[in-house]
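To start, the structure under review is shown below, and the notes come after it.
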Amino acid sequence: MILSDTRILEEIEKGTIKITPYDRECLGSNSYDVHLGKWLAKYKDEVLDARKHNQIEHFEIPEEGFILQPHVFYLGVTEEYTETHAHVPFLEGKSSTGRLGIDIHATAGKGDVGFCGNWTLEISVKQPVRIYKGMPIGQLIYFPVDGEIAVKYNQKKNAKYSGQPNKPVESMMWKNKF
Ligand SMILES: O=c1ccn([C@H]2C[C@H](O)[C@@H](COP(=O)(O)OP(=O)(O)OP(=O)(O)O)O2)c(=O)[nH]1
């Protein structure tokens, strides 16, 4: 089951879903459109090491936009700060971004019950494409959960991405012991 527009609105009124900034126009029949924040980032090193803390450098998308290149991996961020306290939020692309050859997440679009923060986007493109801050970039969909949640994401001691800011956050895989 996926929450409908009226159910998303009810949850927003209850405070179990928070989306800031919020615009009623961005609410679809069963999703909410999110937008590209002004910060992008790239890893400093060409070769990443899954055991190490790979550093990123942030840069701002200028007014005239920024051309993303294929074979370069970017991190982006949603303009929206969200909180989801009773449902599983999923970040999906939009058909219109997909049709421009833009992928906005790599492998994991699922969020956690209790996730609070801006969403980091894992962006790659099929051909050069100019993107702009504030453009619609994805959509959030919400799934009800079956059963009690013992520990919500924002209550977990080792949650790596809790409270993500309005700048992209790099992989914290290095915090896993392996
Ligand atoms: O494209 C995405 C997908 C998820 N998230 C956020 C929401 C999610 O609640 C959180 C953690 O995601 P996930 O559980 O997939 O990450 P992990 O690598 O397993 O980290 P952790 O060990 O903290 O769960 O990151 C993003 O910012 N961008």
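What the table below lists for this structure:
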{"read-out": "Tally, over region 123-142, of residues that are in a strand (DSSP E or B) and surrounded by 15 or more Cβ atoms within 10 Å (Cβ to Cβ)", "value": "11"}
{"read-out": "Conditions (1) more than 12 Å from the ligand (Cβ to nearest atom); (2) in a loop (DSSP other than H, G, I, E, B); number of the one not met by Glu170", "value": "(1)"}
{"read-out": "Odd one out for Lys152 among (1) surrounded by 13 or more Cβ atoms within 10 Å (Cβ to Cβ); (2) in contact with a helix residue (DSSP H, G or I) (Cβ under 8 Å, 6 or more places away or on another chain)", "value": "(2)"}
{"read-out": "Index of the failed condition, Met173 passing every other in (1) loosely packed, with under 14 Cβ neighbours inside 10 Å; (2) in contact (Cβ under 8 Å) with a residue 12 or more places away in the chain", "value": "(1)"}
{"read-out": "Subset of region 41-58 that is loosely packed, with under 11 Cβ neighbours inside 10 Å and aliphatic (A, V, I, L, M) - its residue that is farthest from Asn176 (Cα to Cα)", "value": "Val47"}
{"read-out": "So Leu75, is it near the ligand (Cβ under 8 Å from one of its atoms), at pLDDT 95 or above and either within 21 Å of Gly37 (Cβ to Cβ) or surrounded by fewer than 18 Cβ atoms within 10 Å (Cβ to Cβ) (or both)", "value": "no"}
{"read-out": "Candidates Ala108, Ala41 - the one that is aliphatic (A, V, I, L, M), within 16 Å of the ligand (Cβ to nearest atom) and assigned to a loop (DSSP other than H, G, I, E, B)", "value": "Ala108"}
{"read-out": "Evaluation of Thr120 against (1) part of a loop (DSSP other than H, G, I, E, B); (2) more than 16 Å from Ile17 (Cα to Cα); (3) at pLDDT 95 or above; (4) within 12 Å of the ligand (Cβ to nearest atom) (one fails), failing number", "value": "(1)"}
{"read-out": "Selection from region 123-165 of residues that are within 30 Å of Gly65 (Cβ to Cβ) and within 12 Å of the ligand (Cβ to nearest atom)", "value": "Ile123, Ile137, Gly138, Leu140, Tyr161, Gly163, Gln164, Pro165"}
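The values are calculated or read from the model by the stated rules, or taken from the named source; none is laboratory data. Remember, it's a predicted structure, so these values are computed and weren't measured experimentally. With ideal geometry, Cβ positions are generated from the backbone for all residues, glycine too; neighbour counts draw on all protein chains shown.
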